[in-house]
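One structure is given below, encoded as structure tokens.
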Amino acid sequence: MELKYTEDFRNNDRVRTLVNAIHKETVHAWKIMEICGGQTHAIARFGIEEMLPSEIKLLHGPGCPVCVTPIRIIDHVLEIAKRPEVIFTSFGDMMRVPGSESDLLKTKAAGADIRILYSPSDAIAIASENPEKEIVFFAVGFETTAPVYLATLKEAKRRNLKNFSLLTSLFTVPPAIDMILRQPDHQVSGFLTAGHVCAVTGCGAYRTLAAEYNRPMVVTGFEPTDLLYGIYKCVCQLERGIAQVENAYKRVVSDTGNPEAIQLMEEMTVPVDMEWRGIGVIPASGLSLNKRHEEFDAGKKFPSKHIPKTASATDVCIAGDIMKGNKQPSDCVYFGTTCNPEHPSGAPMVSSEGVCSAYFKKMIIA
């Protein structure tokens, strides 16, 4: 039987049923954070917040890897892309992410050989066809996409394509949740965890966090009924004083995740302290290629000589407070004026999945 995802998970009757259940269940005031940019985008697009009782507030965490890729990495990217021997490749969503002075789109317009790809495997074909060039792919993401990049690197290694390398900006979600909950003034009652990340990693790390911080963590999907069901399950736990991991996205997520993807990450990467744009360094929150694969690490192959300037975003926006759940985009005086998707100042406005970008579009449509 064919699954009609749009019809099944955007069904008005099911939406009403879940909204009514949330209203019936809610007695106290709660603040629930989603930790995925795709969920943030869907919440804004479908008007999920407007459906909820006034006691329920949604907070929007640092769930967009494009947004949180730091300026120093973007500046390094631009250095590498300008090299005459390099063909620099990337997904399109990185093209307008600002560094301290420029971005990939402007650098391409100035003559650099920068190519937008739909799959990292396309970079292998380019490397094979251009043996005289160095092919670099910009690998940005959470645990969801890291295995895809690593599988691509493994194939390049199998083919002995020494002119292929990855410049990585890979983040892991549990340390970010830990950072948020370590804040003495954090406001988070419970979490909707990222379904696609959990599909890869499983739920083990979230159980540790739920127990340590006494906060419910509900694995949640991306369609309206997914999000409402996740919120409902989180509210049910909160109202009963329960704090555990609950899988509300079982059609995609298993308890153990994807063993092959996990093995690939364990085999090829090592945890590192990672800077998150707008937030700062979070210990052991990134993945870097390990020593056995460092010959394919573009960061080591083309070390940066640039000393990044102080990011203007720290002066003109409250990105860190927004992504930690302490403030909302509307609290920023620059939101929608000097900071907008065409000219982003801070991390949450950089990508379409960033919270400020999502809510800017919602404001324009309204």
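The values are calculated or read from the model by the stated rules, or taken from the named source; none is laboratory data. Since the structure is predicted, the reported quantities are computational estimates derived from the model, not experimental observations. Here the Cβ is made from the backbone with ideal geometry for all residues, glycine too, and neighbour counts use every protein chain on show. Accessible surface is based on the protein model in full, side chains and every heavy atom, while ligands, DNA and RNA are left aside. Shrake-Rupley method; radii C 1.70, N 1.55, O 1.52, S 1.80 Å.
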Mean separation of Cα contacts under 8 Å, 6 or more apart, over the residue count of segment 5-77: relative contact order % = 34
Gap separating the Cα centres of segment 258-281 and segment 143-157, nearest whole Å = 12
key: Between 0 and 90°, nearest 10: helix 224-240 axis offset from the chain longest Cα axis   = 60
remark   = In nm, the gap between the two label points placed 7 Å beyond Cα toward Cβ at ASP185 and SER330 is 2.1
ask   = Could you give the accessible area per residue of the chain, probe 1.4 Å, as a whole number in Å²?
value = 45
For peptides 8-15, 348-355, sequence by mean Cβ density within 10 Å, most packed first = 348-355, 8-15
query = At 25 °C and 0.890 mPa s, what whole-number value in µm²/s does Stokes-Einstein give for the translational diffusion of segment 138-297, with Rh from the Kirkwood sum over Cα pairs?
reply = 146
message = What's the magnitude of the charge dipole for the chain around its Cα centre, counting Lys and Arg as +1 and Asp and Glu as -1 at the beta-carbon? Answer in Debye, nearest 20.
response = 200
ask   = Which whole-number percent gives the relative contact order of segment 71-220, counting Cα pairs below 8 Å spaced six or more residues apart?
value = 19
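Can you pull the Kirkwood radius for segment 1-151, inverse mean 1/r over Cα pairs, to one decimal in Å?
Mean inverse Cα-Cα distance, inverted, gives 18.8 Å.
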ask   = Which angle from 0 to 90°, rounded to the nearest 10, does the C-alpha axis of helix 37-46 make with the longest principal axis of the chain?
value = 50
request  = Compute the length gained on full extension between MET95 and ILE365: take 0.36 nm times their separation in residues and subtract their Cα-Cα distance, giving the result in nm to one decimal.
outcome  = 94.8 nm
request  = Pull the list of the chain cysteines that no other Cys approaches to under 4.7 Å, Cβ to Cβ.
outcome  = CYS36, CYS198, CYS203, CYS234, CYS236, CYS317, CYS332, CYS339, CYS356
FRET efficiency, GLU55 to ILE116 (Cβ-Cβ, R0 45 Å, nearest 0.05) = 0.50
message = What distance in nm separates the two pseudo spin-label positions at THR208 and LYS250, each 7 Å out from Cα along the beta-carbon direction?
response = 2.7
note = Counting only DSSP beta bridges with both partners in the chain, the antiparallel fraction in percent, to the nearest 5, comes to 25
remark   = For LYS106, counting only lysines whose alpha-carbon sits under 28 Å away and dropping same-chain residues fewer than eight positions off, the answer is LYS82, LYS133, LYS300, LYS301, LYS305, LYS309, LYS361, LYS362
task = Round to the nearest 0.05 the FRET efficiency obtained for LYS291 and THR338 when R0 = 51 Å and r is the Cβ-Cβ distance.
result = 0.70
remark   = Note on segment 108-180: alpha-carbon gyration tensor, axes a ≥ b ≥ c; rule is a/c under 1.5 for rounded, else prolate if a/b larger than b/c, else oblate; result oblate
note = Given a Förster distance of 35 Å, the FRET efficiency implied by the Cβ-Cβ spacing of ARG83 and ASP273, rounded to the nearest 0.05, works out to 0.80
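For segment 1-73, which GluC sites (Glu not before Pro) are in a loop by DSSP, counting at most 15 other Cβ atoms within 10 Å?
Passing both the DSSP loop test and the Cβ count: GLU2, GLU55.
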task = Search the structure for amide H atoms under 5 Å from the amide H of ILE87, placed 1.01 Å from N in the peptide plane, and list their residues when 5 or more places away or on another chain.
result = GLU134, ILE135, VAL136
note = In degrees, nearest 10, the alpha-carbon axis of helix 146-158 is tilted away from the dominant principal axis of the alpha carbons of the chain by 30
remark   = Projected onto the charge dipole of the chain (unit charges on the beta-carbon of Lys, Arg, Asp and Glu, signs +1, +1, -1, -1), the Cα from GLY92, CYS203, PRO174 with the largest positive-side position is that of GLY92
request  = Have a look at segment 47-112 and give its Rg and Dmax from the Cα atoms, expressed in angstrom.
outcome  = 17.6, 57
task = Pull out the extension gain between VAL281 and GLU239, defined as 0.36 nm times the separation in residues minus the alpha carbon to alpha carbon distance; nm, one decimal.
result = 11.7 nm
inquiry  = Between GLU260 and GLU129, what is the label-point separation in nm under the 7 Å Cα-to-beta-carbon projection?
reply    = 2.7
